[in-house]
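Notes follow once the structure below has been shown.
The values are calculated or read from the model by the stated rules, or taken from the named source; none is laboratory data. The structure displayed is predicted, hence computed values, not measured ones. Ideal geometry is used to build each Cβ from the backbone, glycine not excepted, and the neighbour counts take in all protein chains shown. Accessible surface is based on the protein model in full, side chains and every heavy atom, while ligands, DNA and RNA are left aside. Shrake-Rupley method; radii C 1.70, N 1.55, O 1.52, S 1.80 Å.
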Amino acid sequence: MLFHSTNYKTKEVGFKTAILRGQALDKGLYMLNQIPKLNKNQIYSFKNLEFQEIAFIVLSKIIGDEIPSDDLKTIINRALNFPAPIEKITKKDYICYLDRGPTCSFKDIGMRTLANLMEYFLKQENMNIIILVATSGDTGGAACNAFYEINGIKVVVLYPKNEISELQRKQMTTLGKNIISIGIEEKFDDCQKMVKTAFADEDLSHLNLSSANSINFGRLLPQTLYYFWSYAQIIEKKDEKIIFSAPSGNFGNLMGGLIAYRMGLPGGKFIAAVNENNEFPQFLKTGVYQKIEPSINCISNAMNVGHPSNLARLIDLYGGQMNEKGNLLKKPNMDKIRQDIVSYSISDELTKKTIERFYKNFNKIIEPHGAVGWAALQKYRRDYPRDFKLKSITLETADPAKFPDEIINLINITPEMPISLKKIEKKKEIPNPVKIETYQDFKAFLKENF
Ligand SMILES: *Cc1c(COP(=O)(O)O)cnc(C)c1O
């Protein structure tokens, strides 16, 4: 399989290069030239398979012969070693829990797969790399955990000090060894900008910088899997269409679904559920794209993104072109996008109401990100009554225990803490290693330390 850059100003590369580089040299994102298809019978047969077995079939279809079967199986079994259970909430509506990994975020799925892929390719190439991560909350924790003690890789994480929870911070600051976490006063978008600038900075090219943000295709790829998996768990007949609701920030979650759809997954509709950062639903409505700067702080803090980095890939998938600044150079097929995707912006007020109602109606706790997904599904159900027969899956992307204050305030219940989080709570934090305010500070830090 070959990958092009969404900016089209650099050479096409194979899977290995796309993974090790993260971002293309022209600041675009790597995207598959062609999306391979699975046939209907094969997808229906997923009903009888385990998650890892489905993972092997789907991933080998894309990775092809760049990784031998046995090695790919080992990578999958190491990375995807936790369940993704599905629960029936109403007659037609299901939730798939993607929060059962070590950092209790759906990001574990992409990150652990990426870490294992990278380790495999780096060993082959006899290479060392430094991974730069910008995080709005959950990516950092998942990256630190996935890459901890992996040979040949050092991780530097930038996070917005004032926008993340204590637990999210502790997931990044209690590890040490090959992990360095730096808190800054600015916002997530500023972290992301610094990281992107560093990638494009020729003075730093000797450091072999790479990315674990969802701009890396290796993270996106495994995010196709839970769509196939959850679909297979709930369908009754072949080619049954269903609705997916994906809580969305940088749109890696949603892109996983859209790629699965192009691979043959019978999607009825994909709901891009966003918080008050409503640049995407506005774009669908008007055809004009305008980022939100600065991004708006909402309680679903891992989705506080005013310009989704994967949007360039989405636009590319629909025949358009968007550069790294968010300028639309070529309009995509808007009709087709609107056919496949519906997007709703959910206010914090409605997110909170949804958490309360969900508990009252179903006696279960949903956390802010999942609540945005669930609330968007309710809007879809109201707006598209003709789809009432279709089943739906909402992706729950984090464990409620990561947002205890919000949950206690709303429903007066302390969410039970999973063991992996309990352990982190007690660990000692490593103090912030350096004060970073500008890109020059960041660059100087990298030059001095590596
Ligand atoms: C990152 C994240 C999301 C959004 O995923 P994107 O791929 O950025 O759209 C949703 N929920 C949680 C808990 C997350 O950490």
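Table for the structure above
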quantity	calculated
Asp348 being farther than 27 Å from Lys285 by Cβ, touching an Asp or Glu at 6+ places or on another chain (Cβ under 8 Å) and in contact (Cβ under 8 Å) with a residue 60 or more places away in the chain	no
Output for region 107-124, where each listed residue is touching a Leu at 6+ places or on another chain (Cβ under 8 Å) and open to solvent by 20 Å² or more (accessible area, probe 1.4 Å)	Arg112
Checking Thr74 against (1) closer than 21 Å to Ala146 by Cβ; (2) over 21 Å from the mean Cα position of the chain (by Cα); (3) surrounded by 15 or more Cβ atoms within 10 Å (Cβ to Cβ), the condition it does not meet	(3)
Among the residues listed as Gly152, Gly176, the single one being more than 22 Å from Lys422 (Cα to Cα), surrounded by fewer than 23 Cβ atoms within 10 Å (Cβ to Cβ) and touching a residue at least 12 places away in the same chain (Cβ under 8 Å)	Gly152
Any hit, region 254-261, residues being among the hydroxyl-bearing types (Ser, Thr, Tyr) and open to solvent by 30 Å² or more (accessible area, probe 1.4 Å)	yes
Pairs where the first residue, in region 209-232, is in a helix (DSSP H, G or I) and the second is within 12 Å of the ligand (Cβ to nearest atom) and β-branched (Val, Ile, Thr), C-beta under 7 Å, 6+ apart	Pro222/Ile109; Gln223/Ile109; Tyr226/Ile109
Any hit, region 163-170, residues being free of Cβ contacts under 8 Å to residues at least 12 places away in the same chain and open to solvent by 40 Å² or more (accessible area, probe 1.4 Å)	yes
Answer from Glu53, Glu66 - the residue that is without any contact (Cβ under 8 Å) to a residue 24 or more places away in the chain and not basic (Lys, Arg)	Glu53
Positions within region 325-370 being farther than 22 Å from Thr90 by Cα, open to solvent by less than 10 Å² (accessible area, probe 1.4 Å) and in a helix (DSSP H, G or I), in sequence order	Ile337, Asp340
Region 43-59: number of residues that are crowded, with 17+ Cβ neighbours inside 10 Å and either at pLDDT below 95 or not aliphatic (A, V, I, L, M) (or both)	4
Cβ-Cβ under 6 Å pairs, at least 6 apart or on other chains, region 97-123 side closer than 22 Å to Glu166 by Cβ and within 13 Å of the ligand (Cβ to nearest atom), far side acidic (Asp, Glu) and part of a helix (DSSP H, G or I)	Gly101/Asp108; Ser105/Asp138; Lys107/Asp138
Scope region 277-299; condition open to solvent by 30 Å² or more (accessible area, probe 1.4 Å) and either among the acidic types (Asp, Glu) or not in a loop (DSSP other than H, G, I, E, B) (or both); matching residues	Gln282, Lys285, Thr286, Glu293
Any pair with Cβ under 6 angstrom, 6 or more apart, that starts in region 233-253 at a residue that is in contact (Cβ under 8 Å) with a residue 40 or more places away in the chain and ends at one that is more than 16 Å from the ligand (Cβ to nearest atom) and among the small types (Gly, Ala, Ser)	Lys241/Gly268; Ile242/Gly268; Ile243/Gly268; Ile243/Ser392
Complete set of residues in region 124-143 that are in a helix (DSSP H, G or I), within 16 Å of the ligand (Cβ to nearest atom) and in contact (Cβ under 8 Å) with a residue 40 or more places away in the chain	Asp138, Thr139, Gly140, Ala142, Ala143
Residue list for region 179-209, filter: of a type in the set (Phe, Trp, Tyr) and open to solvent by 10 Å² or more (accessible area, probe 1.4 Å)	Phe199
Among residues of region 300-324, those that are assigned to a loop (DSSP other than H, G, I, E, B) and either modelled with pLDDT under 95 or within 16 Å of the ligand (Cβ to nearest atom) (or both), counted	9
Elements of type helices (runs of 4 or more DSSP H) in region 371-450, at least 1 residues being within 15 Å of the ligand (Cβ to nearest atom)	404-411, 419-425
Residue list for region 281-335, filter: touching a strand residue (DSSP E or B) at 6+ places or on another chain (Cβ under 9 Å), farther than 21 Å from Asp26 by Cα and among the β-branched types (Val, Ile, Thr)	Val288, Val305
Residue check for Ser248: within 12 Å of the ligand (Cβ to nearest atom), open to solvent by less than 10 Å² (accessible area, probe 1.4 Å) and closer than 25 Å to Val157 by Cα	yes
Residue among Glu87, Glu53 that is of a type outside the set (Ser, Thr, Tyr) and not in a strand (DSSP E or B)	Glu53
